[in-house]
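Step one of this worksheet: look at the structure below.
The values are calculated or read from the model by the stated rules, or taken from the named source; none is laboratory data. Quantities reported herein were computed from a predicted structural model and do not represent experimental measurements. Neighbour counts run over all protein chains shown; Cβ positions are idealised from the backbone, glycine included.
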Amino acid sequence: MRAISNNRKALNTAIALTLGLFMSFPIIWILILSFKSELDAIGNPLQVLLSSWTLDSFSTVQGRSDYLKHFSNSVIISLGSTFLALLVAIPSAWAMAFVPGKQTKNILMWMLSTKMLPPVGVLIPIYLLFRDYDLLDTRVGLVIILTLINLPIIIWMLYTYFKEIPVEILEASRMDGARLKQEILYVLTPMAIPGIASTLILNIILAWNEAFWTINLTASNAAPLTAFIASYSSPEGLFYAKLSAASIMAIAPILIMGWFSQKQLVRGLTFGAVK
Amino acid sequence: MSPSVLLLLGWMLVPLTMTIYFSFLRYNLLYPGTESFTGWTNYYYFVTDPSFTDALINTISIFGGVLFITTIGGVGFSLLLDQPMWKSGLIRMLVIAPFFVMPTVSALVWKNMFMNPVNGFFGQIATFLGLQPFDFFGQAPLLSIIWIISWQWLPFATLILLTALQSLDRDQLEASEMDGANSFSRFIFIILPHLARPITVAILIQTIFLLSIFAEILVTTNGGPGTATTNLTYLIYVQSLLQFDVGAGSAGGVIAIILANIVAIFLMRMIGKNLE
């Protein structure tokens, strides 16, 4: 590769940085506004930047609407559904990757097809079933739904990771006298953990941001942040500092996780079609 | 593998069968106990309702508009980010950050804090410059929604295409440069063909999500004014959970499933090829 001049690099960096700041500007802007008073937040941008900083909005949001309850709902629902789905998916993906049968490919494709089902197509039956079994506005109900929704993605991601574990290494360990238990514990598990970890992260992100079922199946008790923020579509959303504070707390955990999972995101969301 | 197969089979079959069954019933939650079989009536009313045509056009406009922006923008952004630069990790994160923002937050922040003609950011800038602020959601509600959704999905297209670009054979590019190919012909004859497949994948996956856009419409316009921003998903939601018309909502649901399946068939073929 030929050397690239520093000038060229500097120019590239400047252009790309401008683009990056332009794309993430709304996020940066709400981060700034969340530390401003309500009065300063509706001023013109210059006044906003020059005004003093405060933590008031955060305590107002918590005090008026029990923000932490919705935050913990989000945590419970996204973690709960992800772990439950992993529990079901790991054995399946394992079996399909290491002991593939004649139907494995068809089953994988069929699982993928369930993901293509538009949620609104089954909105009524799910809503009625939830009503009849007292699952409306419960965290258990949402955990069940999000587990089922993300199960195909989880199985697919795990499958593509497990597939990359070379079978030869198993044979080698057997030659060295490893028994099945040792094989799983010392050879397979360490190799599978990175794949499982990135599957876990991607699915927490997807479950955290899911906004169709969480809005339609909750009222207040089990409402996670997606549904809670939706309640700001009332005139309350015109209080910029409060809206900013509520929003920034809702997206911060996911932005941090997103930082670590950019590559896995592509693989997971394209079902391995782009790596 | 059987527990996961059973779970998904149940998830797929039970509600689906119920939707199809309901779609042939006259069934309104406000009048319990009056359910009766009506044949294709629900379908007839759903399809001949003028708001169905509006919803269909809006659905297509949203996904056409968003795909146009994200595909052209995604190719441009990914080519730029693929250039050698400093701090590329940080810059890449800045570009793709919008994808991690939950739909309700991005829709409300854009609508209230940027597009609001009085106190919103754009309005403030316009007033400051002595211009007339533009009322985005009053004058162009559908375009505003397309803009917001594009902001969320442009990072996704960029990320996929960037990942694909990084697997491009650099020797091939250098060889073509030695042979005197300029950057335009390198783009047309080497880079673009290499990107054809990831572009298709990105388009198909976005289509699946874009046909089901819901939260962005709910929190910004409620489908209005009139049916100006009602898409198919939102129309079915209104029929089912606001008007309690289970029959018509289910008929709409079946139609949505059929439309999504047409896209799904193409996507599944592309992914299936990868399994071999």
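Computed quantities for the displayed model
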read-out	value
Tally, over segment A:130-167, of residues that are at pLDDT below 80 and among the charged types (D, E, K, R)	0
Residue match in segment A:163-183 (condition: under 30 Å from B:Gly247 (Cα atoms) and touching a residue at least 40 places away in the same chain (Cβ under 8 Å))	no
Unmet requirement for A:Tyr67, which otherwise passes all of (1) hydroxyl-bearing (Ser, Thr, Tyr); (2) facing chain B (nearest Cβ under 9 Å); (3) under 25 Å from A:Ala245 (Cβ atoms)	(2)
All positions within segment A:226-253 that are buried (at least 24 other Cβ atoms within 10 Å of the Cβ) and within 13 Å of the chain's Cα centre (by Cα)	A:Thr226, A:Ala250, A:Ile251
Residues of segment A:1-33 classified as modelled with pLDDT of 90 or more and not in a helix (DSSP H, G or I), total	1
Scan of segment A:128-180 for residues that are crowded, with 21+ Cβ neighbours inside 10 Å, touching a Leu at 6+ places or on another chain (Cβ under 9 Å) and under 19 Å from A:Gln264 (Cβ atoms), ordered by number	A:Leu146, A:Ile149, A:Asn150, A:Leu151, A:Pro152, A:Ile153, A:Ile154, A:Ile155, A:Trp156, A:Met157, A:Leu158, A:Tyr159
Test: A:Ile27 is of a type outside the set (Gly, Ala, Ser) and in contact (Cβ under 8 Å) with a residue 24 or more places away in the chain	yes
Considering residues of segment A:88-117 that are outside any helix (DSSP H, G or I) and over 28 Å from A:Glu210 (Cα atoms) only, the residue farthest from the other protein chains (Cβ to nearest Cβ)	A:Lys102
Segment B:36-93, subset surrounded by 17 or more Cβ atoms within 10 Å (Cβ to Cβ) and among the charged types (D, E, K, R), residue nearest to B:Ile236 (Cα to Cα)	B:Asp54
Residues that are hydroxyl-bearing (Ser, Thr, Tyr) and within 18 Å of A:Ser231 (Cβ to Cβ), drawn from segment A:35-65	A:Ser57, A:Thr60, A:Ser65
Qualifying residue in segment B:23-38 (condition: in a helix (DSSP H, G or I), closer than 15 Å to B:Ala248 by Cβ and either within 14 Å of chain A (Cβ to nearest Cβ) or touching a residue at least 40 places away in the same chain (Cβ under 8 Å) (or both))	yes
